[in-house]
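Q: A single structure is presented below for examination.
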Number of protein chains: 4
Amino acid sequence: MCRWLAYSGSPVCLEDLLYKPQNSLVVQSKHSRMGAETTNGDGFGVGWYGRHTVPGIFRSTEPAWNDRNLRELSSQALSGRVFAHIRASTGSPVQQSNCHPFRRGEWLWMHNGLIRDFHLVKRDLVLEIDPELYPEIEGSTDSEVFFYLALSYGLAADPPAAVARAVGHIEETGRRHGVEHPIQMTVATTDGVTTWAFRYSSEGQSRSLFHSTDISTLREQYPDYPLLHGLSDDTRLVVSEPLGDLHGAWREVPESTCLTVRGGQMDIADFTPKAPRAAA
Amino acid sequence: MCRWLAYSGSPVCLEDLLYKPQNSLVVQSKHSRMGAETTNGDGFGVGWYGRHTVPGIFRSTEPAWNDRNLRELSSQALSGRVFAHIRASTGSPVQQSNCHPFRRGEWLWMHNGLIRDFHLVKRDLVLEIDPELYPEIEGSTDSEVFFYLALSYGLAADPPAAVARAVGHIEETGRRHGVEHPIQMTVATTDGVTTWAFRYSSEGQSRSLFHSTDISTLREQYPDYPLLHGLSDDTRLVVSEPLGDLHGAWREVPESTCLTVRGGQMDIADFTPKAPRAAA
Amino acid sequence: MCRWLAYSGSPVCLEDLLYKPQNSLVVQSKHSRMGAETTNGDGFGVGWYGRHTVPGIFRSTEPAWNDRNLRELSSQALSGRVFAHIRASTGSPVQQSNCHPFRRGEWLWMHNGLIRDFHLVKRDLVLEIDPELYPEIEGSTDSEVFFYLALSYGLAADPPAAVARAVGHIEETGRRHGVEHPIQMTVATTDGVTTWAFRYSSEGQSRSLFHSTDISTLREQYPDYPLLHGLSDDTRLVVSEPLGDLHGAWREVPESTCLTVRGGQMDIADFTPKAPRAAA
Amino acid sequence: MCRWLAYSGSPVCLEDLLYKPQNSLVVQSKHSRMGAETTNGDGFGVGWYGRHTVPGIFRSTEPAWNDRNLRELSSQALSGRVFAHIRASTGSPVQQSNCHPFRRGEWLWMHNGLIRDFHLVKRDLVLEIDPELYPEIEGSTDSEVFFYLALSYGLAADPPAAVARAVGHIEETGRRHGVEHPIQMTVATTDGVTTWAFRYSSEGQSRSLFHSTDISTLREQYPDYPLLHGLSDDTRLVVSEPLGDLHGAWREVPESTCLTVRGGQMDIADFTPKAPRAAA
């Protein structure tokens, strides 16, 4: 599996986000506490919004803990919206095109989990992808196919609905092939303005997911904690596992929900896959 | 485009094959004389038959001229059947899974050329691949899709017929999408016993392809030429461009033909793509 | 050998500098016109001054033409002072720590050329490096040893004098070991404010080096040329070979000189190595 | 730190050695049980004696668990003498030239542990290296400098004496710079015929080291254990940690000893560093 974080708020130096926290994502790449694997050494990626509406992405097959270019980039780049992901492959090759986040236009997508028995269902899933979009797939992961399914179902217009249809299709296809629990997922996607994060699994036991609590409250509670200063009140983090032990700083995202972050506003709504028949 | 060689004959040290000739494949990686590009620096691969019926493959995204592991392996490995390929990408990512030769079971496949406007036809071509085989595709090249098409059409049973059907399908699909000259190719494939090499292009102006001439005649003609000794009489090479300037050592493979090499025997037959309708 | 460029002036998107010119450095990585080698595919590096006095460096062993992360970084990063280098190794391994520019504190250093018979003189040169600095050497190139020699001789205080002493020591050491022409070089170094560029070789036939001419004059001369607009009048480029064919835009840096660029001011002074004895 | 194994005996397929054991070296690269770090993901290397007296080496900066070329090579190569090493860097860059085993001529060398405060002592250690050998150093690790010290002190003539002098010099140099415990080591070296393995540390608490016990006894004891068949009686393994849980199969190498393996014969002798003065 993998670990990821989605940041939005006041422009932050990527280094402060990826390296400085006690249990930072780079630390997690070698010593994850809550991941299905302790080592997430099969590549990593960062997507950050800067000068353009299209975000930059930096992806590498090296373990994040070793990558000097990641550290250099991180010390120079500032961004108010960052996606970062460390990978523990579930079988597909360790190559740049299989690293998250995936990008199309101004959209980013990253996934922790898997489509089970992907080799059984891959062809049927790929057939469902919009033929216009299909040739843009570059890698061989389940996660990228999942992204392109969501794009085909209208991610840009209504992300929760598109993801619900994509998951519904994946579950229906998996079950048709005899897969008991076709999907396990925490997913984050953004258009650069809003972030949507999903926690769901067919078996109802999803990978861990947390969001940060109100920064201003934390700041009052911990007046001596430097990391909290300099961040605007609307700063929000969604993470696979907490970046530190600050009591009260993190709250679990409930099972089968979609969390929407727009500025300082956070909404949690139920997430229910939409079966293909219902969609038609 | 790319450059390749297919060797069969007495067991040879890979180093003698890949590094020692005057215009060796490693030299060609930086300074190809006859290629569409002089630089073939977008990865390379070697397949060699050793202890098993399944050949080993060593593929890397580094330029061949820099790869120290290739040199080490080459100085240690002996093989009587070797495929080697240097890549000049026509657009798909430089990643190990896009390097030739491709392998399935005991079969190897490598390709110089391209399927034109591949993004237009990729989906239709992929749909034609046997659903059992489809999930094994790991990379994103036209060449690997071409291999899986040929496998789907019975490569293992009758290689020339399977390749003829694959090319027929590629041409028919390309033309349906308005592509004037859908394919440009020299292809080599082997099961470890026989090698089949194809030279063909929709426009009738195919990439260069040569085969070595009879070793025993050359040996008489050039008694002082050390490379020719130690090679058995049935040794044969098929190459994108000659490995040296020895007069009489190389003969061009004609346009639109399939060359079959089994032991010391070489046959050249016409190659005509088989349109899908005719195939049905 | 290698190719490089040193930019100073109004903040520029790295993409405009590295990719957009007709004969850009990325183009030169595959097809250099004036280099000792046409292919400079043995890694590359970029140093850029951004948020800190210490510049960022991004270095990779991949050919520049293939590196997707370089393209991503280049499309996002703006800088008013950029060093970029593409490498054609003269023997030392292709590894990140051998890629230019080298950095120490706020200083950058890059080199095209070589210290001849480096294996003969390496130990003597290394012994001359300040013992405090010595352990910071990470790679195995002649160019990095040259940098540390210059640092040891006071690069930070007086760059032309320090480089003159370093070259003097290299020539004296080489000759003592029977090397006829110990050094061939174009070198650029900067502290983030001023750039010094050197063109010199023991044999008096140095690698090519050019600087841009006055931007405002060019702008009047070519009112329709978009690249010239948006650049401030004090913008200056020093390059191994011109980035395009604009008549009058480039002037050769003379043999055995040191070019100093500070803001829009450019000075050319004679460069004479200082023999160690004279230095003592 | 790192993990390693040294094999000698009947020719074995590298795959059987590196992948098949329950706690194989490749397993240890992700989940070491006894290492200072559980993850040894900073590159790896294999040295094997094949067709020449000079062994082949295959080294890579990828984690061993991900490297497909290592798996391919391992399934094809047979050797009666193999060194393999997985690296957990103590600070020097992750680059091929820093991966073990190091090679010079027919000699291999690998090291688990470190020279403490290497930056303080590096220059003094390097000065002690034979000037003829010095330019061959390619990487930047303490382990390679240690190898070249041992070579300078006559490794080829008398390995235990040369290593004793090297360690004596390292300890004397470290202490002169105020380092309390200058060295921590398990080292293996071979000329292709004999293997010498050392376990020593200045503090007398050395990293774990084990050797296999008599294969023929084990075979009688475990008649149903397939791995033991096919191995000749003189097969011996020296390893950082046992490759499996077979009771009685592994015996700890004592502190401060040198283990010599020549054919089926194993000798353990005390190892005492030789201070430079005594050496003079």
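Q: Once amide H atoms are placed 1.01 Å from N in the peptide plane, what residues at a sequence separation of 5 or more from B:Gly50, or on another chain, have their amide H within under 5 Å of its amide H?
A: Residues meeting the amide H criterion: B:Gly56.
Q: How charged is the neighbourhood of C:Gly45? Take every other residue with its Cβ under 14 Å from the Cβ of C:Gly45, and add Lys/Arg as +1 and Asp/Glu as -1.
A: -1
Q: Next question, about the same structure. Is chain D rounded, prolate or oblate when judged by the Cα gyration tensor, a ≥ b ≥ c being the square roots of its eigenvalues, rounded requiring a/c under 1.5 and prolate requiring a/b larger than b/c?
A: prolate
Q: Ranked by Cβ crowding within 10 angstrom, fewest neighbours first, how are C:Val26, A:Val187 ordered?
A: Least to most surrounded, the residues fall as C:Val26, A:Val187.
Q: Right, something else. Distances from C:Tyr222 to the same position in the other copies: list them in nm, one decimal, shortest first, using label points 7 Å from Cα along Cα→Cβ.
A: 5.0, 5.5, 7.4
Q: Among A:Gly204, A:Pro223, A:Trp109, whose Cα lies farthest out toward the positive end of the dipole of the range A:2-279, if unit charges sit on the beta carbon of Lys, Arg (+1) and Asp, Glu (-1)?
A: A:Trp109
Q: Once you charge only the Cβ atoms, +1 for Lys and Arg and -1 for Asp and Glu, what is the size of the charge dipole of the range B:2-279 about its Cα centre, to the nearest 20 debye?
A: 240 debye
Q: From the phi of every residue in the range C:45-56, what ³J(HN,Hα) in whole Hz does the Karplus formula 6.51 cos²θ - 1.76 cosθ + 1.60 yield, where θ is phi - 60° and glycine or proline is x?
A: Calculated HN-Hα couplings, in order: x, 10, x, 9, 8, x, 7, 10, 6, 7, x, x Hz.
Q: Gain in length, C:Tyr225 to C:Glu132, computed as 0.36 nm per residue apart minus the alpha-carbon separation, to one decimal in nm?
A: Using 0.36 nm per residue and subtracting the Cα-Cα distance, I get 28.5 nm.
Q: Below 8 Å, C-alpha to C-alpha, sequence gap of six or more: please give me the relative contact order for the range B:2-279 in percent.
A: Relative CO of the range B:2-279 lands at 20 percent.
Q: Oh, and also: Give me, ordered by chain and number, the residues 5 or more places off A:Leu243 or on other chains with an amide H under 5 Å from its own placed amide H.
A: When sequence neighbours closer than 5 places are left aside, there are no close amide H contacts.
Q: Now, a different point. For the rotation that brings chain C onto chain D, whose beta-carbon in chain C is nearest the axis, and what is that distance in whole angstrom?
A: Its Cβ sits closest to the axis: C:Gln95, 2.
Q: Could you tell me the relative contact order of the range C:32-95? Use alpha-carbon pairs under 8 Å, at least six residues apart, and round to a whole percent.
A: 43 percent
Q: Which ³J(HN,Hα) values in Hz, rounded to whole numbers, follow from the phi angles of the range C:138-143 under the Karplus curve 6.51 cos²θ - 1.76 cosθ + 1.60, where θ = phi - 60° and Gly and Pro get x?
A: 10, x, 10, 8, 4, 5
Q: Tell me the distances, shortest first, between B:Thr272 and the same position across the other copies, using label points 7 Å along Cα→Cβ, in nm to one decimal.
A: For B:Thr272, the other copies' label points sit at 6.2, 8.2, 9.0 nm, shortest first.
Q: Using helices alone, I'd like the mean residue ellipticity at 222 nm for the protein assembly as shown: each DSSP H run of four-plus residues gives -39500 (n - 2.57), total over residue count, nearest 500.
A: -7000 deg cm²/dmol
Q: For the range D:120-193, with only Lys/Arg (+1) and Asp/Glu (-1) charged at the beta-carbon, what is the dipole magnitude about the Cα centre, in debye rounded to 20?
A: Approximately 260 debye in magnitude.
Q: Using the 10 angstrom Cβ neighbour count as an exposure proxy, how do C:Cys2, D:Cys13 rank, fewest first?
A: D:Cys13, C:Cys2
Q: Let me make sure I get this right: for the protein assembly as shown, a, b and c are the square roots of the gyration tensor eigenvalues over alpha carbons, sorted descending. Under 1.5 in a/c it's rounded, otherwise prolate if a/b > b/c, else oblate. Which is it?
A: Here the protein assembly as shown falls in the rounded category.
Q: While we're here: Per-residue HN-Hα couplings for the range D:254-262, Karplus 6.51 cos²θ - 1.76 cosθ + 1.60 at θ = phi - 60°, whole Hz, x for Gly and Pro?
A: Whole-Hz 3J(HN,Hα) from phi for the range D:254-262: x, 3, 6, 9, 10, 9, 10, 10, 9.
Q: Further, regarding this structure: Run the reach check for C:Lys20 against lysines, Cα to Cα strictly under 18 Å, same-chain hits fewer than 8 apart removed. What comes back?
A: Within reach: C:Lys30.
Q: Another question, if that's okay. With a ≥ b ≥ c the root eigenvalues of the C-alpha gyration tensor of the range C:221-280, is it rounded (a/c under 1.5), prolate (a/b larger than b/c) or oblate?
A: Prolate shape, in that a/c is at least 1.5 and a/b is the bigger ratio.
Q: Taking the Cα centroid of the range B:208-253 and of the range B:116-154, what is the distance between the two, rounded to the nearest whole Å?
A: If you average the Cα positions of each part, the centres end up 35 Å apart.
Q: For B:Phe210, C:Phe58, D:Phe147, what's the fewest-to-most ordering of other Cβ within 10 Å of each Cβ?
A: Fewest-to-most Cβ neighbours within 10 Å comes out as B:Phe210, C:Phe58, D:Phe147.
Q: In straight Cα distance, which lysines are under 26 Å from D:Lys274, not counting same-chain residues fewer than 8 positions off?
A: In chain and number order, the partners are D:Lys122.
Q: Under a Cβ-only charge scheme (Lys and Arg +1, Asp and Glu -1), can you give me the dipole magnitude of the protein assembly as shown about the Cα centre, in debye to the nearest 20?
A: Dipole of the protein assembly as shown, to the nearest 20 debye: 0 debye.
Q: Compute the label-point distances linking C:Asp130 to its equivalents in the other copies; points lie 7 Å from Cα along Cα→Cβ; give nm, one decimal, shortest first.
A: Those separations, rounded to one decimal, come out as 3.4, 6.0, 6.9 nm.
Q: Name the residues whose placed amide hydrogens come within less than 5 Å of the amide hydrogen of C:Trp109, ignoring near sequence neighbours (fewer than 5 apart) on the same chain.
A: C:Phe102
Only the coordinates and a few stated rules stand behind these numbers; no lab work does. No experiment lies behind these values; they were computed from the predicted model shown. Neighbour counts run over all protein chains shown; Cβ positions are idealised from the backbone, glycine included.
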